[in-house]
Amino acid sequence: MASQEPKPSDAELVRAVRAGDREAYGRLADRYLASVYAAAIRITCNAAAAEDVAQDTFLRAYQRLDLYDMKHPFRNWLLKIATNLALNQLRSRRRERLLHERVAADEMRNGHSPVAEAAPPSRSQWQQWLGQLDESQRAAIVLFHFHEMPYAEIAQVLEMPLNTVRTLLHRGRRRLREIMGSPPMLENGSWNVAIQNG
Amino acid sequence: MECRDTERLIDAYLDRELPAETASKLEAHLSACQPCRRQYGSLVGFLTKPEPIAVPAGLAERIAAAIESPEALTADRDVRLFEAGVSENGRHARHALNAAGLAREDDSAKAHVPGWHGQARRPKAGGFARGADRAALHRWLPWAVAAAACLAFFLIGWFSSRVSQKPEQQIAVNSDTSSAPDAPEPIIVSPLVLASWAQAVAMGGPAIPLVPVVQAAATEAAVAASFERPLLPSPRQPTSREVPPPVMELPQELLIIPHVSRALGV
């Protein structure tokens, strides 16, 4: 009977990567890719953006592995990077959307018909729910409920006092309850009155 | 447990701060009480039993490729965001990736990405992703600017040294004329001082310490050479009885290299 090799710990793999073993980093990435991608897609609510965040997270972690403090779990370090990148992604998307809307408005004013946009990808129900929260509320809820990160680490990631994190969580949950009890929202942000009426 | 207890405890339950026994009672109540389930069931289910999320196929390979070749990441990302309707930058990036043979639609390119343990895809010769061009530009731009500044200030120094040799500004080093009371006073300003000063003003200080030093040596050498050369003939040729023009000495106090040499004890 072939003896099963014990799974190396994160710390052992990190030490191996620091010693130049790139394959060890592949094993770390395989181990945490699902967590990182799940956090990214829940915060960005967009699959393409989440893929970018996951790619950037692993690339940045690889390039800055020397900065990782082995006293903390490697998974939480990755989630910190992913959350910051996802929040940055949301901010830049917001800026880009505003710019796009301004250009479309100018084109309409000048008599041009706006360029037809690609239809946005369909969103699942949880994406619609989370998508209506503030970015910080969403990040706090995702890290606390879906990735079981403690308050103190969430406070570090979001660079906020611990009590603010608690408040974000409570307000976010209250908002979620309101959203879940409301009629579904359409992609363009308007309420689906037709469904509600009948 | 009653319904009002649920309302009171639900936040603590979701914060995972309830004792296990109280949490089980709350869960039992939620599953038995329809009004409470209607009010809190969706939220509790969503937060405590989240929908599993599948990792997209090929993401691990793309991450491996990004680690092998981070330059290709930007263009690849632009294409994907464009396809998803998130970004407009992807049109150009798609062309760049096609040119580089890295387009995601190209299955033959994918075949070169066996995953973490193999050789990741690399750009073909002759073409490169837009992100790579941008990265190379960012890498070399500061050096190009520094070299251009160095050249410009050297030329300023050289030009000012040439100006000091113009016949009308030339010091007539003739025993007769130099002793004349109306002879112009020689004004010697090291071009180094002028150029270094201009550089300091323009760049907020010398960017690279080596630049002014090299520049100093070059400009001072130019000035020294101009003094060692026989000066242009004065309008009146000296007669054979006149004393030949003496070689002027450089005013050492205006130059920097002697000070540096003294400071270094050379």
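Here A:SER124 passes the criteria (1) farther than 30 Å from A:PRO8 by Cβ; (2) facing chain B (nearest Cβ under 9 Å); (3) modelled with pLDDT of 85 or more except the one numbered (3). Taking the range B:13-24 as the range and being under 18 Å from B:GLY45 (Cβ atoms) and surrounded by fewer than 16 Cβ atoms within 10 Å (Cβ to Cβ) as the test, the residues that pass are B:ASP15, B:ARG16, B:ALA23, B:SER24. The residues of the range A:59-77 that are part of a helix (DSSP H, G or I) and more than 14 Å from A:ALA11 (Cβ to Cβ), listed by number, are A:LEU59, A:ARG60, A:ALA61, A:TYR62, A:GLN63, A:ASP66, A:LEU67.
Residues checked against (1) in contact with a strand residue (DSSP E or B) (Cβ under 7 Å, 6 or more places away or on another chain); (2) of a type outside the set (A, V, I, L, M); (3) at pLDDT 85 or above; (4) not in a helix (DSSP H, G or I):
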{"residue": "A:PRO6", "(1), (2), (3), (4)": "no, yes, no, yes"}
{"residue": "A:VAL14", "(1), (2), (3), (4)": "no, no, yes, no"}
{"residue": "A:ALA24", "(1), (2), (3), (4)": "no, no, yes, no"}
{"residue": "A:ALA38", "(1), (2), (3), (4)": "no, no, yes, no"}
{"residue": "A:ASP52", "(1), (2), (3), (4)": "no, yes, yes, no"}
{"residue": "A:MET108", "(1), (2), (3), (4)": "no, no, no, no"}
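Could you grab the pairs with beta carbons closer than 8 Å, sequence gap of 6+ or different chains, first residue in the range A:79-106 and part of a helix (DSSP H, G or I) and of a type in the set (Asp, Glu), second one surrounded by 15 or more Cβ atoms within 10 Å (Cβ to Cβ) and at pLDDT below 90? Sorted first by the residue in the range A:79-106, then by its partner, the pairs are A:GLU96/B:VAL86; A:GLU96/B:SER87; A:GLU96/B:GLU88. Scanning the range A:15-67 for residues that are of a type in the set (Gly, Ala, Ser) and either at the interface with chain B (Cβ under 9 Å from one of its Cβ atoms) or within 14 Å of the chain's Cα centre (by Cα) (or both) yields A:GLY26, A:ALA29, A:ALA34, A:SER35, A:ALA38, A:ALA39, A:ALA40, A:ALA47, A:ALA48, A:ALA49, A:ALA50, A:ALA54. Restricted to the range B:42-66, and to residues there that are among the β-branched types (Val, Ile, Thr) and surrounded by 17 or more Cβ atoms within 10 Å (Cβ to Cβ), the residue that is nearest to the chain's Cα centre (by Cα) is B:ILE63. What tally of residues in the range B:13-38 results from selecting those that are touching a residue at least 24 places away in the same chain (Cβ under 8 Å), over 56 Å from the mean Cα position of the chain (by Cα) and within 10 Å of chain A (Cβ to nearest Cβ)? Residues flagged as touching a residue at least 24 places away in the same chain (Cβ under 8 Å), over 56 Å from the mean Cα position of the chain (by Cα) and within 10 Å of chain A (Cβ to nearest Cβ) within the range B:13-38 amount to 0.
The values are calculated or read from the model by the stated rules, or taken from the named source; none is laboratory data. Everything quoted here is computed from the prediction, not taken from an experiment. Reconstructed Cβ throughout: ideal geometry from the backbone, glycine too, with neighbour counts over all protein chains shown.
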